[in-house]
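Okay, structure first, notes after.
The values are calculated or read from the model by the stated rules, or taken from the named source; none is laboratory data. Treat the numbers as computed from the prediction; the structure is a model and nothing was measured. All Cβ positions, even for glycine, are placed from backbone atoms using ideal geometry, and neighbour counts span all protein chains on display. Ligands, DNA and RNA are stripped out before the accessible areas are found, and what is left, the full protein with its side chains, is counted by its heavy atoms. Shrake-Rupley method; radii C 1.70, N 1.55, O 1.52, S 1.80 Å.
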Amino acid sequence: AYAIAYQLKLGPVLAWPVTARANLIDALYRYDAIARLQDAQLDKTRPNPDPPGNEKEEGGLGEYIQLGPVGTAFLPSRLPRVLLIDEIDKSDLNLPNDLLNLFEEGEFEIPELARRKRRGTEKEQAVKVRTADAEMPAQSIMGGQVKCCEFPIVIMTSNGERDFPPAFHR
């Protein structure tokens, strides 16, 4: 994975070390609802400088969402990213099937962003979220949909501890 990324100049490898408790949602993104709630509570205790009806949303929603390595690999980009899924055989039995849909569609949804509508209008609003790539600035997501332009190069390692479904091998 590292040699491919280096030789093809595709940026840093996005690595996901799989554990027994790993699930696809965590690899796609993480939403910190607790931090958002805490910030909202702090905002309520501060005096509001905005006139009534012109209040701003407490912190941008994107401040509380960070894409994981798999989610970052599926961001639209001119060149594909290299995604290393390390020791996939340690995962829950359902993870390979969950990955199949993502690999077939090349897109996923962040429900917290998909439900969000701009106040007073039906237009979609881009939300900037952090990524798993420290070198990459925050990325804009429209309507909660993340869809790759170039499918990532996915490399998976396994210790051969178990068999995978035939569809996963295809």
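Below, the figures for the structure above:
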{"read-out": "Area of Val18 that stays accessible when all protein chains are in place (1.4 Å probe, Å², to 10)", "value": "10 Å²"}
{"read-out": "Structure-derived Rg/Rh (Cα atoms, Kirkwood Rh): which label, when the choices are (1) 0.97; (2) 1.05; (3) 1.10", "value": "(2)"}
{"read-out": "The chain - mean residue ellipticity at 222 nm from DSSP helices (-39,500 (n - 2.57) per run, n ≥ 4, rounded to 500)", "value": "-7000 deg cm²/dmol"}
{"read-out": "Selected from Ile85, Ile155, Ile141 as most flexible by GNM, with the chain as the system and alpha-carbon contacts under 10 Å", "value": "Ile155"}
{"read-out": "Principal-axis tilt of helix 33-45 within the chain, Cα atoms, nearest 10 degrees", "value": "10 degrees"}
{"read-out": "DSSP beta bridges in the chain [antiparallel fraction, %, rounded to 5]", "value": "55 percent"}
{"read-out": "Rounded accessible area per residue of the chain, 1.4 Å, Å²", "value": "63 Å²"}
{"read-out": "Asn101-Glu161 FRET efficiency (beta carbon distance; Förster radius 22 Å; 0.05 resolution)", "value": "0.40"}
{"read-out": "Karplus (6.51, -1.76, 1.60) ³J(HN,Hα), θ = phi - 60°, over the range 137-151, in Hz, Gly and Pro reported as x", "value": "x, 3, 10, 8, 10, 9, x, x, 9, 10, 9, 6, 8, 10, 5"}
{"read-out": "The range 65-161 - Rg and Dmax from Cα coordinates, angstrom", "value": "15.1, 54"}
{"read-out": "Cut-off 12 Å between beta-carbons: net charge of the residues surrounding Leu102, Lys and Arg +1, Asp and Glu -1", "value": "-4"}
{"read-out": "Probe 1.4 Å, all protein chains present, accessible-area order of Ile153, Ile88, largest first", "value": "Ile153, Ile88"}
{"read-out": "Exposure of Asp86 as accessible area (Å², to 10), given a probe of 1.4 Å and all protein chains", "value": "60 Å²"}
{"read-out": "Gained length - Ala33 relative to Phe151, 0.36 nm times residue gap less alpha-carbon distance", "value": "39.5 nm"}
{"read-out": "The chain - percent of accessible surface contributed by carbon and sulfur, probe 1.4 Å", "value": "51 percent"}
{"read-out": "Nearest-ten-degree value, helix 95-105 long axis tilted from longest Cα axis of the chain", "value": "80 degrees"}
